[in-house]
1. Could you check how many residues of region 250-261 are open to solvent by 80 Å² or more (accessible area, probe 1.4 Å) and closer than 22 Å to Lys214 by Cα?
2. Residues Asn264, Asn247: which one is surrounded by fewer than 22 Cβ atoms within 10 Å (Cβ to Cβ) and either touching a strand residue (DSSP E or B) at 6+ places or on another chain (Cβ under 6 Å) or at positive phi (or both)?
3. Could you check region 194-218 and list, in sequence order, the residues that are assigned to a helix (DSSP H, G or I) and touching a Lys or Arg at 6+ places or on another chain (Cβ under 9 Å)?
4. Can you say whether Leu135 is on the phi < 0 side of the Ramachandran plot, open to solvent by 60 Å² or more (accessible area, probe 1.4 Å), touching a helix residue (DSSP H, G or I) at 6+ places or on another chain (Cβ under 7 Å) and at pLDDT 95 or above, as far as the supplied structure shows?
5. I'd like to verify a number: residues in region 49-62 that are open to solvent by 30 Å² or more (accessible area, probe 1.4 Å), touching a helix residue (DSSP H, G or I) at 6+ places or on another chain (Cβ under 8 Å) and part of a helix (DSSP H, G or I), how many?
6. Right, Leu231: outside any helix (DSSP H, G or I) and touching a residue at least 12 places away in the same chain (Cβ under 8 Å) or not?
7. Which numbered condition in (1) open to solvent by 20 Å² or more (accessible area, probe 1.4 Å); (2) more than 15 Å from Met199 (Cα to Cα); (3) at pLDDT 95 or above; (4) not hydrophobic (A, V, I, L, M, F, W, C) is the only one that Gly272 fails?
8. Of the conditions (1) in contact (Cβ under 8 Å) with a residue 24 or more places away in the chain; (2) of a type outside the set (S, T, N, Q); (3) part of a helix (DSSP H, G or I), Phe222 clears all except one; give me its number.
Amino acid sequence: MSLFCVMKFNKIIFLIFFIVLIACNSNNSSDTNKEIKSATKISENPALKNLYQKVQQHPDSTGLRLQLAYMLDSLNEHKKALQQLATLIAKDSLNYGLWFTKGEIAENGMDTLLAMESYSKAAKIYESPDALLALANLYAERKNGRAIILCSRVKALGLGREYDAHSAFIVGVYYARKGNRENAIKMFDECIANNYTYMEAYIEKGLVYFDEKKYDEALQVFEFAATVDNLYADAYYYQARCYEMMNKKDSAIEKFQQSLRLDNNLIEAKEGLKRLGGIGN
């Protein structure tokens with residue numbers, strides 16, 4: 001699962017405080033013309049086409065280029081979105097907000113190395129807790145102990161329970177990926193103690209038991225998660241996986257179907273139903 005569902009930070013705040021308007025450059029107009037010609041299926045998306053045209057008319061507008069980058073990112077055109085960031089960063093290489101945004105888009109595009117590089121540069125410009133945690137999260141997934149160091153720095157800032165929860169969660173992920181069950185569960189519990197509704201922590205805690213084939217214990221965690229948020233599709237999906245592994249086919253099908261009623265795009269649940277001969281929604 002994508003761990004950075006947890007780490008979506010307020011881009012608007014970054015833009016207000018850290019993005020400086022970029023001066024005009026006459027060469028940008030011709031560059032934008034090339035972008036318009038090469039963009040995929042622009043004519044099929046009126047909003048995207050309109051935004052490209054606005055950038056063409058105002059090539060020096062930071063705000064418009066960022067809007068275009070975000071739209072391209074949302075359409076999974078990550079490389080094109082990064083091209084927009086490259087244009088901006090080329091003229092303002094010490095802009096924290098631009099580097100952080102580049103990291104987010106690179107991460108969405110599954111370019112982990114570029115995301116780490118971008119977050120690292122953002123943190124060197126301004127050591128914000130968000131940049132440190134974004135970087136720590138990627139280190140944790142790669143089993144790199146620097147995740148613990150960065151999270152400790154954030155926790156030492158004393159920013160409150162929200163950031164303490166994020167820090168504990170990421171450290172828990174690090175230990176889970178390293179196979180350190182005891183410390184992983186300890187950190188996920190600490191995360192939950194700071195934020196009772198931190199759903200990803202329940203899932204990761206349950207998966208620690210699941211990976212050890214302790215399906216009863218895992219099921220208890222996923223069931224409890226569903227009581228915390230009864231609209232959280234993943235809680236039912238992982239209940240289904242536990243039932244499947246326990247050879248309780250009917251219960252597994254029921255939970256797969258329940259997860260799909262909450263999130264019909266949950267491909268894994270549809271695949272689970274196919275495996276068990278169930279009928280998806």
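The values are calculated or read from the model by the stated rules, or taken from the named source; none is laboratory data. Just so it is clear, the structure is predicted and the values come from calculations on it, not from any experiment. Cβ sites come from the backbone with ideal geometry, for glycine too, and all protein chains shown count toward neighbours. Accessible surface areas use protein heavy atoms only, side chains included; no ligands, DNA or RNA. Shrake-Rupley method; radii C 1.70, N 1.55, O 1.52, S 1.80 Å.
1. 2
2. Numbers: Asn264 fails: either touching a strand residue (DSSP E or B) at 6+ places or on another chain (Cβ under 6 Å) or at positive phi (or both).
Only one candidate passes the filter, namely Asn247.
3. Once the filter is applied, which keeps residues that are assigned to a helix (DSSP H, G or I) and touching a Lys or Arg at 6+ places or on another chain (Cβ under 9 Å), region 194-218 yields Asn194, Val208, Tyr209, Phe210, Asp211, Tyr215, Ala218.
4. no
5. Counting residues in region 49-62 that are open to solvent by 30 Å² or more (accessible area, probe 1.4 Å), touching a helix residue (DSSP H, G or I) at 6+ places or on another chain (Cβ under 8 Å) and part of a helix (DSSP H, G or I) gives 4.
6. yes
7. Here Gly272 clears every test but (1).
8. Unmet for Phe222, out of (1) in contact (Cβ under 8 Å) with a residue 24 or more places away in the chain; (2) of a type outside the set (S, T, N, Q); (3) part of a helix (DSSP H, G or I): (1).
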